[in-house]
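Undergrad: The structure that follows is given in the form of structure tokens.
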Amino acid sequence: MQEHAQRAQKQALAANNTQQAIAEYRAILAQEPRNLDAHANLGVVYFFAADFPQAIEELKTALQIEPNIPKLAALWGWMRKTFGSDA
């Protein structure tokens, strides 16, 4: 799993390849469905890719795993308010 995270961070995101980053984070979740970092990072990647429904869903899942992350809660809340819970 660590190598997927490193590829997502150091290769895909550094090259602005959001699809590869998404694939790497999804590979982590295939092995560990409740991986907080993968869900949180996917939410942020989807946000920057303007895929707001997916971003909202991933951030919601991350916050269900660990609700005490103020930055994620703030981003999730803002996105729900701005784009609606069904964005």
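Undergrad: Find the residue count for segment 30-39, including only residues that are more than 11 Å from the chain's Cα centre (by Cα) and surrounded by 16 or more Cβ atoms within 10 Å (Cβ to Cβ).
TA: Number satisfying all stated conditions: 0.
Undergrad: A follow-up question, please. Give segment 47-63 a look and list any residue that's farther than 9 Å from residue 36 by Cα and in a helix (DSSP H, G or I), or say none.
TA: Matches in segment 47-63: 47, 48, 52, 53, 54, 55, 56, 57, 58, 59, 60.
Undergrad: Six or more apart or on different chains, Cβ atoms under 6 Å: show the pairs whose first residue is in segment 62-80 and of a type in the set (S, T, N, Q) and crowded, with 16+ Cβ neighbours inside 10 Å and whose second is assigned to a helix (DSSP H, G or I) and at pLDDT 95 or above.
TA: Qualifying pairs under 6 Å: none.
The values are calculated or read from the model by the stated rules, or taken from the named source; none is laboratory data. Keep in mind the model is a prediction, meaning the values are calculated, not measured. Every residue, glycine as well, gets a Cβ built from its backbone with ideal geometry; the counts of neighbours run over all protein chains shown.
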